[in-house]
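Bear in mind these aren't lab numbers, they're just calculated from the coordinates by the rules spelled out. Nothing here was measured: the structure is a model prediction, and the numbers come from that model. Cβ sites come from the backbone with ideal geometry, for glycine too, and all protein chains shown count toward neighbours.
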Amino acid sequence: MELDARRIPDGTVLEANICIVGAGPAGIALAHEFIGHKVDVLLLDSGGLKPEEHVQELNEGAVVGDPYAGLRKTRCRGVGGTVCLWNTPVGSELGAKYVPLDPCDLEERADFPHGGWPFDYSHLEPFYQRAQTLCGLGPLAYEGKDWSQGEHACLALDGERLATRVYQFGVARLFTRSYPRDVGRSVNTCLCHHATVYELETEGRGRRVVGAKLAGLSGGQLRVRATIFVLAAGAIENARLLLLSNGSSSDALGDRHGWVGRCFMEHPRDYALTLIPRSPDLFKAAAFYDAHPARDGTIVGGRVALDERAIRTARLPNASVTLLPRPKMEPSSIGVRARLLSRLRHLVGRQPRSGYGWSRISEMSRTFDAFQLLVNFEQRPNPENRVALARKRDLLGLPQAEVHWRWREEEQANLERLRTVLASGLEGAGLGQVVVHTGLRPDPNAHHHAGTTRMNADPRYGVVDADGRVHGTDNLYVTGGSVFPSAGFANPTLTIVALALRLADHLKLRI
């Protein structure tokens, strides 16, 4: 069933066994798992079936600290959530890169305060395998050797520090059209859009959530009653909803130990390294590191990864390097750039926005002179980076979210060490000279929000337990990137979907 909250009479009470707040990848994957089951599921989203600009005004919020793109630009209300912002060409469509976390990302490490997940990679692996299928990807295989073939072969890298691994590429429409349509057509699942949840109602001193209050921009008021509630509205909004909802006494829900909103993380991107090839033949030899279809049709793209031994021994942040060829800067460089963009537009059907497609350019050695290295790396959790409630209010009269975010000196020092290891590893492999622009600060705007309702088996150090249940409650769960204790370097969607599938299995045993 599909409902538009704008057309539901004011004061209506909607009922379900499970109420899911947020129809991004987490909420959609969770609801999709219940199609055909004897469980009534209500999936709510603040926006519509397509992004609507006036609804995005509810995403406005403040940023305190260092420069950041802002809360409106880096997220999207509407069915599909931030998938609606994906801009990586995948064939003739738009999509994004997928990759799982590395085993070391889930481990507790002495040099990594507040990191460590309540389970290891082997526990999460079967859910990753299921997530691969739901996301329309190939097998759970991300080593370069699994995909190296013919003209798309891995480079010989410094095996002690660097390795070749891959991203897989998936299309956005699965989460913006296909799966929402499935949920809306099923007898036991309901997709209700234009329904903004602004408060959770509790009883028993916050022990149990008994309802959710909904509001529309036109002023209508609705309520939801359900047996189980799940927040899947993203790292900013999940924390904000808990802070807006009182639990015991004056404390926000799940905030007995002060962790709600803490440890907000992004995925900074660094552009300080440039690889000057030893030979112009490197551009052709590196074709594996561009997005390309494998034999089974899976679209993959090679990346330079840190070996996990180097991460542990050198105490480095996890990272991944994408090779982006740099057009030659010559008097005719404007013409070169124009021809490059024209060729890529012809190949992918639109102007590229992520740098992929370069290996299909003829005469690459005459077009490019270097590789700009795009380094995606992890930001470690810091309780001072957090989501709080602002004084300014939104269109519904509620406090906006306020993100406190700073890039600290110790993080810059870790980045400089990472740059040194990457540069020496690439030069040691004989690929060429790496020019390092030291002192440059990274770009924090990957739009990969994580943390804020972190997972920990001990309520003194987290907001939710290993199943995603909010500590101190019986029937309130959180899923999505907000529960990540650490985020690695990886694009978060595959892990978000895997955790949603894991939560679905848990809830099927409860209902």
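List of remarks:
- Extension gain, Arg223-His447: 0.36 nm per intervening residue step, less the Cα-Cα distance, totals 77.5 nm.
- Around Ser482: net Lys/Arg minus Asp/Glu count, Cβ-Cβ under 10 Å: 0
- Here the 3J(HN,Hα) profile of segment 449-466, calculated from phi with Karplus coefficients 6.51, -1.76 and 1.60 at θ = phi - 60°, is 6, 8, x, 6, 9, 4, 8, 7, 5, 9, x, 6, 10, x, 9, 10, 8, 5 Hz, Gly and Pro shown as x.
- Anchor Lys38: lysines whose Cα lies under 23 Å away (excluding residues fewer than 8 positions away in-chain): Lys508
- Segment 32-123: C-alpha gyration tensor shape, a/c 1.5 cut-off, then a/b vs b/c: oblate
- Converting phi to 3J(HN,Hα) with the Karplus coefficients 6.51, -1.76 and 1.60 and the offset θ = phi - 60°, segment 396-406 yields 9, x, 9, x, 5, 7, 9, 9, 9, 9, 9 Hz in sequence order, with x at every glycine or proline.
- The spacing between segment 266-310 and segment 187-254, judged by their C-alpha centroids, is 43 Å.
- Over all directions, the projected convex hull of the C-alpha atoms in the chain averages 23.0 nm² in area.
- Relative contact order [Cα under 8 Å, 6+ residues apart], the chain, whole percent: 24 percent
- Cα-based reach from Lys284 at 28 Å (exclusive), listing lysines while leaving out same-chain residues under 8 positions away: Lys97, Lys145, Lys328
- J(HN,Hα) series, segment 23-40, from Karplus relation 6.51 cos²θ - 1.76 cosθ + 1.60, nearest Hz, glycine and proline x: 10, x, x, 5, x, 5, 4, 5, 4, 4, 5, 9, 4, x, 8, 8, 9, 8
- Between helix 333-348 and the chain: long-axis angle, C-alpha atoms, 0 to 90°, nearest 10: 50 degrees
- Remark on Gly170: its backbone amide H falls under 5 Å from those of Ala96, Tyr98, a criterion applied only to residues 5 or more positions apart or on other chains, H modelled at 1.01 Å from N.
- Within segment 161-306, the ratio Rg/Rh, alpha carbon atoms throughout and Rh by Kirkwood, equals 1.15.
- Computed from Cα atoms, the angle from the helix 493-510 axis to the main principal axis of the chain rounds to 30 degrees.
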